[in-house]
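Each remark here refers to the structure printed beneath this line.
The values are calculated or read from the model by the stated rules, or taken from the named source; none is laboratory data. Treat the numbers as computed from the prediction; the structure is a model and nothing was measured. Cβ sites come from the backbone with ideal geometry, for glycine too, and all protein chains shown count toward neighbours. Heavy atoms of the whole protein, side chains included, go into the accessibility calculation; ligands, DNA and RNA do not. Shrake-Rupley method; radii C 1.70, N 1.55, O 1.52, S 1.80 Å.
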Amino acid sequence: MRFSVIMQSYLQPYAGAASDRVQKFSRAVKSVLDQEHQEWELLVVADGCDLTWEERTKYDHEERVRFFRIPKQRMWSPVPRNCGLLRALGDYVLYLDSDDTLDPGYLAELERELTDRGEPVWAAVDDLVWNPGRDRWERRMVADLITRRVAGTSNVVHRNGIAYWPEVPARFPGYGYAMDDRGFVEELTKVSSPVLLSAAGYRVMHIPRQYDL
């Protein structure tokens, strides 16, 4: 197995959540099923979410889509993603939020770049965000995101087993500071510096107070 895609899923409403979460969950899963590169698995971790668990029956015929159910964790807990990591079979791991999507050629491009770059321990990748004012998708440069300490799950692909998601302090400024993502990126940098890749096929479909596609 080449890639393990880990998706934690809680489809109930919460502060800052995207709208139509069940439909967007299905869209996110479909974006993995539609990948040109087919050597992948998708691990969906239902974070105490009955709605996510009910969705699993739609994918009974997909051996590469695996669902796991855990008790509801507190916000920003590392448990859901670590649950996926402990069960991942792929050489490399990446993460997909349940309201985001991957372009069809994304894993194929990652495969080419990772191979060309000598199979790095981990890599940082550009992503795509929507600019409502200009009505277009724009590339976010991961080197800039790392410098500003705001790189997140959309910007990371790493070898299996090199790091796990750390605990987040109980009190911190909130979602916009991406403290959970920042902590994981910092864990990865303790292992090695990232290789920067130019692939940009992860589409961030929702940013609170900015847009919700």
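Volume per residue for region 39-157 equals 154 cubic angstrom (convex hull of Cα atoms). Partner lysines whose Cα lies under 24 Å from the Cα of residue 72, excluding those fewer than 8 positions away in the same chain, are identified as 24, 58. Region 101-121 and region 15-36 have Cα centres separated by 21 Å.
Would you mind working out the accessible area per residue for the chain, using a 1.4 Å probe, and quoting it in Å²?
Values: 10090 Å² over 213 residues.
Heavy-atom SASA per residue in the chain reads 47 Å².
Give me the accessible area of residue 158, 1.4 Å probe, in Å² rounded to the nearest 10. Roll a 1.4 Å probe over it and residue 158 shows about 0 Å². Look at the dipole of the chain built from charges on Cβ: of 199, 155, 90, the Cα furthest out on the positive end belongs to 155. Per the Debye formula with a single identical scatterer at each Cα and no solvent contribution, what log10 I(q)/I(0) holds for region 30-88 at q = 0.30 Å⁻¹? Log10 of I(q)/I(0), two decimals: -1.27.
How big is the shadow of the Cα convex hull of region 87-133, averaged over all directions, in nm²? Could the numbers behind the result be given before it?
Numbers: hull surface 19.0 nm².
Over every viewing direction, the Cα hull of region 87-133 projects on average to 4.8 nm².
Where in the chain lies the longest segment free of GluC sites (Glu not before Pro) that are both loop residues by DSSP (not H, G, I, E, B) and have at most 12 other Cβ atoms within 10 Å? The partial results should precede the final answer.
Numbers: sites that count: 36, 63, 167.
The longest such stretch corresponds to 64-166.
Taking all protein chains as shown and a probe of 1.4 angstrom, residue 213 keeps an accessible surface of around 70 Å². Where (i) 29, 23, 15; (ii) 32, 25, 13; (iii) 22, 21, 19 are the candidate values, the label of the one calculated here for semi-axes √(5λ) of the Cα gyration tensor in Å is (iii).
Quote the charge dipole size of the chain about the Cα centre in Debye, to the nearest 20; the model charges only the Cβ of Lys and Arg (+1) and of Asp and Glu (-1).
Values: 28 positive and 33 negative charges, 130 e Å.
Taking the Cα centre of the chain as origin, the dipole is about 620 debye.
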